[in-house]
Amino acid sequence: MNVPVIGFSKLSKTEKVNWLVDSYFDGDTTVNNIITRYWNEDEKLQELHDGFSENTITNFYFPFGLAPNFLIDDKLVTIPMAIEESSVVAAASKAAKFWLDRGGFKTSIKSTIKSGQVHMMYDGLSSEMDAFYAFAKADFIQSIQSINASMKKRGGGLLDVELVNKTSSLKGYYQLHATFETKDAMGANFINTTLEQLATTLREKASEFEGFSTNVPEVIMSILSNYVPQCVVNVSVSCNIDEIGAINGVSGADFARKFTRAVDIATVEPYRAVTHNKGIMNGIDAVVIATGNDFRAIEAGVHAYAARDGQYRSLTRARVKDDVFTFEADFPLALGTVGGLTSLHPLSKLAMQVLGNPSAQDLMKVTAVCGLAQNFAALHSLVTTGIQAGHMKMHIVNMLEQIGASDAEKVALKKAFTDKTPSFSGLREALEKMRSK
Ligand code: MEV
């Protein structure tokens with residue numbers, strides 16, 4: 001039935017939808033309705049969204065919510081979050097409230113350097129590559145001056161280029177490793193354009209250089225790195241264990257002890273570390289998406305950072321020392337507040353306004369806070385009540401929808417399950433009972 005479709009991108013949106021409905025749904029027009037129902041009546045807005053990507057047929061909504069009451073470096077912040085998982089915003093808000101009365105979140109930027117590499121192969125002696133690099137270095141820097149100019153005006157630009165010998169990992173492999181400061185931009189285009197110019201200069205200078213005994217170096221590719229171990233924000237919370245108070249029948253001291261143990265476990269055990277860090281990313285991704293940043297880049301960079309010593313570990317750390325409980329993390333977050341979708345998507349723009357149009361560094365701080373808060377909320381539940389009570393309470397709305405409860409039945413069932421952990425079977429049974437009465 002399915003045959004390759006030629007020139008799909010040139011079809012109009014309606015033609016694309018019709019093709020889909022005919023090819024995959026036997027011309028079922030109800031499918032057509034599902035798709036067109038999500039088209040925005042505001043044609044200009046729809047055009048904007050269609051333009052974000054190729055072959056768009058409709059919009060895919062994500063809930064856009066607010067987590068208020070975050071005290072960050074003594075300033076009250078409301079964090080915009082775009083996420084579909086039902087308990088995440090509630091958990092963030094809960095953590096915000098907990099720390100609001102206990103000094104709030106403290107943040108600091110450790111560094112903001114990004115990097116990119118020109119990856120190349122050379123079969124000859126390493127000493128020849130070293131000599132070539134010394135011969136060409138000034139030209140590398142000179143050749144990117146015009147690309148660098150406007151970033152330099154903003155206080156950023158190319159910081160350095162160095163030749164890295166990687167031949168012990170892969171025969172013949174070298175890099176030009178370039179470092180950058182991109183200020184409020186995420187800087188992907190600037191970095192990639194600069195790297196491609198460096199590669200061009202490298203080819204030109206290599207053809208002039210007379211010291212290669214074999215071939216000239218072959219450029220394989222030039223691309224920024226989403227691994228940003230030098231673009232890092234620190235975030236922490238801290239209070240005396242007496243200030244924690246009893247939590248769900250667990251004393252403050254016991255809570256802090258179990259909490260730090262839970263973090264220790266995620267530090268040594270990858271099975272736990274992945275889920276632990278996934279919870280952190282619930283908070284980080286939600287802010288990254290709401291502010292129009294690239295969550296895949298952030299995800300890749302954060303997970304690589306979590307494995308930087310060769311084992312995948314918890315991103316957070318916790319300790320109790322002299323009766324003071326401290327919980328903190330360093331997160332590598334290369335975020336931008338100008339360029340990309342940040343000012344193009346009306347809701348990202350709104351999210352930025354809610355955050356007071358932050359600098360990239362301020363956005364790193366807020367995002368890190370949301371990650372730490374999310375981890376705090378998850379561990380808070382895990383070491384006391386368990387996760388399901390709160391999680392399912394939030395998820396009950398989805399479950400009631402799925403079992404086909406009416407609005408009145410939803411209200412009644414939510415009330416009936418106030419003190420119970422809802423399950424599909426439990427809810428169905430209760431609904432049947434209600435209907436049979
Ligand atoms: C669920 O989205 C996230 C948690 O599993 C995180 C964790 O276990 O720490 C609750």
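When +1 charges are put on Lys and Arg Cβ atoms and -1 charges on Asp and Glu Cβ atoms, the dipole computed for the stretch 13-138 relative to its Cα centre reaches about 940 debye. Between the helical axis of 424-436 and the longest alpha-carbon principal axis of the chain there is an angle of about 30 degrees. Computed over protein heavy atoms with a 1.4 Å probe, the accessible surface of the chain works out to 51 Å² per residue.
Placing +1 on the Cβ of every Lys and Arg and -1 on the Cβ of every Asp and Glu, with nothing else charged, gives the chain a dipole about its Cα centre of roughly 1280 debye.
Normalised by 2.2 N^0.38 Å, where N is the number of residues, the C-alpha radius of gyration of the stretch 158-268 stands at 1.87.
Among 154-165, 20-31, 170-181, the peptide with the highest mean count of other Cβ atoms within 10 Å heads the list, and the full ranking is 170-181, 154-165, 20-31. When a 1.4 Å probe is rolled over the protein heavy atoms, the share of accessible surface on the stretch 15-134 that falls to carbon and sulfur comes to 54 percent.
Leaving out ligands, DNA and RNA but keeping every protein chain, what accessible area does S436 have, in Å² rounded to the nearest 10, with a 1.4 Å probe? Surface open to solvent at S436 totals about 90 Å². Normalised by 2.2 N^0.38 Å, where N is the number of residues, the alpha-carbon radius of gyration of the chain equals 1.20. Residues in the stretch 276-286 carry Karplus couplings, in order, of 4, 6, 4, x, 4, 5, 3, x, 5, 4, 4 Hz; the curve used is 6.51 cos²θ - 1.76 cosθ + 1.60 with θ = phi - 60°, and Gly or Pro positions show x. As a quick test, which of the pairs K166/K365; K414/K437; K94/K433; K152/K278; K106/K153; K94/K278 have an alpha carbon distance above 28 angstrom in this structure? The pairs that break the limit, which is 28 Å between Cα atoms, are K166/K365; K94/K433; K152/K278; K106/K153. Comparing Cα centroids, the stretch 338-376 and the stretch 157-190 end up 27 angstrom apart.
Of the accessible area of the stretch 390-436, computed with a 1.4 Å probe over protein heavy atoms only, carbon and sulfur atoms account for 54 percent.
How tilted is helix 360-382 with respect to the longest principal axis of the chain? Cα atoms for both, answer in degrees (0 to 90, nearest 10). Between helix and principal axis, roughly 40 degrees.
Kirkwood analysis of the stretch 8-50, using all unique Cα-Cα pairs, places the hydrodynamic radius at 11.1 Å.
For the Cα trace of the stretch 125-181, dividing Rg by the Kirkwood Rh returns an Rg/Rh value of 1.08. A dipole drawn for the stretch 235-323 from +1 and -1 charges on Cβ atoms has a positive end, and of V235, I280, T267 the residue lying farthest that way is T267.
Based on alpha-carbon centroids, what's the gap between the stretch 1-20 and the stretch 211-251 in Å, whole number please? A separation of 42 Å, based on Cα centres.
Please report Rg over Rh for the stretch 1-158, where both radii come from the alpha carbon positions and Rh follows the Kirkwood definition.
Value, to two decimals: 1.17.
Taking amide H as placed 1.01 Å from N in the peptide plane, I79 has its amide H under 5 Å from the amide H of A67, F70, each at least 5 places away in sequence or on another chain.
Computed over the stretch 147-217, the quotient of the alpha carbon radius of gyration and 2.2 N^0.38 Å is 1.32.
Scalar couplings 3J(HN,Hα) for the stretch 58-63, obtained by applying the Karplus form with A = 6.51, B = -1.76, C = 1.60 to θ = phi - 60°, are 6, 10, 10, 6, 10, x Hz; x denotes Gly and Pro. For K171, the lysines whose Cα comes closer than 30 Å to its Cα, not counting residues fewer than 8 places off in the same chain, are K114, K137, K205. Positive-end ranking of F417, T167, F60 along the dipole of the chain, with charges on Cβ about the Cα centre, is headed by F417.
With everything on Cα atoms, drop me the angle between helix 126-143 and the longest principal axis of the chain, reported from 0 to 90° to the nearest 10. Tilt of helix 126-143: around 80 degrees. Shown in residue order for the stretch 300-316 are the 3J(HN,Hα) couplings computed by the Karplus curve 6.51 cos²θ - 1.76 cosθ + 1.60 at θ = phi - 60°: 4, x, 5, 5, 5, 5, 5, 10, 5, 9, x, 10, 6, 9, 4, 7, 9 Hz (x for Gly and Pro).
The values are calculated or read from the model by the stated rules, or taken from the named source; none is laboratory data. From a predicted model like this one, the values you see are computed outputs, not experimental measurements. When we count neighbours, we look across all protein chains shown, and the Cβ atoms used for this are built from the backbone with ideal geometry, even at glycine. The accessibility values were calculated without ligands, DNA or RNA, using every heavy atom of the protein model including side chains. Shrake-Rupley method; radii C 1.70, N 1.55, O 1.52, S 1.80 Å.
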